[in-house]
Amino acid sequence: MSLKYKRILLKLSGEALNGGDKSQILNSSILTQFAKEIKKVVDEGCQVAIVIGGGNIYRGASAGSGIDRSTGDYMGMLATVINGMAIQSILENVGLQTRLLSAIKMEQIAEPFIKRRAVRHLEKGRVVIFGAGTGNPYFSTDSGGALRSNEIGAEVLLKGTNVDGVYDKDPRKNEDAKKYEHITFDEAINKGLKVMDKTAFTLCQENALPIIVFDMSGEGNLLKVVKGENIGTLVKD
C-alpha cells in the first residue's frame, strides 16, 4: 500500500515521553519505541516533522508560585527544547538524520526556525523537530504544532496519544464511552472535546488541515495512519 500522507507533522505531549509516570521525566524505552515507529514511516519515504510538549518537565500555564504567565510560558518553551534534544538523540541512535529547530535562538544546540530551511531538511529525508513552541507566550504546543504544520505544508497533523481516538468522555473511566471515527472541527469545539485547544483547531480548520488522533503506543499504528488505514479519529470538515 502506498503512502496516503507524504509529509506529516507528529504532535506528542511531554507526558507521553514518561508514560504518565510523574516520578521520572523521560522513559528511555518509550523514547526508543517512538523512534522505531517513526523510522518505519521515514523508511517508507514519508517526510516527518515533530512537535513535542514540555508538560513532563514544566507546564507554563500552571506556573503559580508568583511566576507570571509570560515567564512561565517561556520556561515551558525551554522544556520542549530539552524534550526535543532527547528525542533527537534517540532518533539518531536508530539511524535517522535529524535537525532540531528552535523558535528561540540557541545556536549551540539548535538551528533557528526558518521555514525554507525546515522544508529543505524534510526534502532531504531528515526528521525535523520543532522546539520552543511558537516562540511566544500564551500559545500552547498544540497551537505551535498547527502553525508549523501549515508553514511546512504538511498534509495532516497527527496527534499521538495513549488513547485510540476521540471519545465523548474518558474511556478509561467510562465503559460506555463512545468513540468518534470522524468528527468536524465545529462538532469537536461545540462538544468541548479536549483534543486540542481552540487556537489550534481554528488554524487547522481555516487552512483545511485534517487532524488524526491515534494511539502512538500501538506497534505499527503510525505507519498504518500514514498509509491511510482507518486508525484513530479523523477531525475534518
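The values are calculated or read from the model by the stated rules, or taken from the named source; none is laboratory data. Fair warning: this is a prediction, and the values are worked out from it, not measured in the lab. Note that each Cβ is placed from the backbone with ideal geometry, even for glycine, and that neighbours are counted across all protein chains shown. Please note that ligands, DNA and RNA were not included when accessible areas were found on the heavy atoms of the full protein model with its side chains. Shrake-Rupley method; radii C 1.70, N 1.55, O 1.52, S 1.80 Å.
Results, tabulated for the structure shown:
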| item | result |
| --- | --- |
| Test: residue 139 is buried (at least 16 other Cβ atoms within 10 Å of the Cβ), in contact (Cβ under 8 Å) with a residue 12 or more places away in the chain and assigned to a loop (DSSP other than H, G, I, E, B) | yes |
| Any hit, region 160-168, residues being surrounded by 22 or more Cβ atoms within 10 Å (Cβ to Cβ) and either touching a Gly at 6+ places or on another chain (Cβ under 7 Å) or aromatic (Phe, Trp, Tyr) (or both) | no |
| Subset of region 156-196 [at pLDDT 90 or above, in contact with a helix residue (DSSP H, G or I) (Cβ under 9 Å, 6 or more places away or on another chain) and assigned to a loop (DSSP other than H, G, I, E, B)] | 164, 184 |
| Candidate set: region 188-237, residues that are within 22 Å of residue 172 (Cβ to Cβ) and acidic (Asp, Glu); chosen: the one most open to solvent (accessible area, probe 1.4 Å) | 219 |
| Breaking point among (1) in a helix (DSSP H, G or I); (2) modelled with pLDDT under 95; (3) closer than 26 Å to residue 86 by Cα, for residue 149 | (2) |
| Filtered residue count, region 172-208, keeping only those that are closer than 18 Å to residue 162 by Cβ, free of Cβ contacts under 8 Å to residues at least 24 places away in the same chain and not hydrophobic (A, V, I, L, M, F, W, C) | 5 |
| Close pairs from region 209-237: first under 18 Å from residue 44 (Cβ atoms), partner part of a strand (DSSP E or B) and aliphatic (A, V, I, L, M), Cβ under 7 Å, at least 6 apart | 212/156; 212/158; 212/234; 214/158; 216/12; 225/158; 225/212; 226/8 |
| Verdict on residue 103 being in contact (Cβ under 8 Å) with a residue 60 or more places away in the chain and under 15 Å from residue 140 (Cβ atoms) | no |
| Matching residues in region 169-187 - criterion: being open to solvent by less than 40 Å² (accessible area, probe 1.4 Å) and farther than 26 Å from residue 103 by Cβ | 177, 180, 183, 184 |
| Selection from region 71-98 of residues that are aliphatic (A, V, I, L, M) and either open to solvent by 30 Å² or more (accessible area, probe 1.4 Å) or out of contact with any Gly (no Cβ under 9 Å at 6 or more places or on another chain) (or both) | 75, 78, 82, 85, 86, 87, 90, 91, 94 |
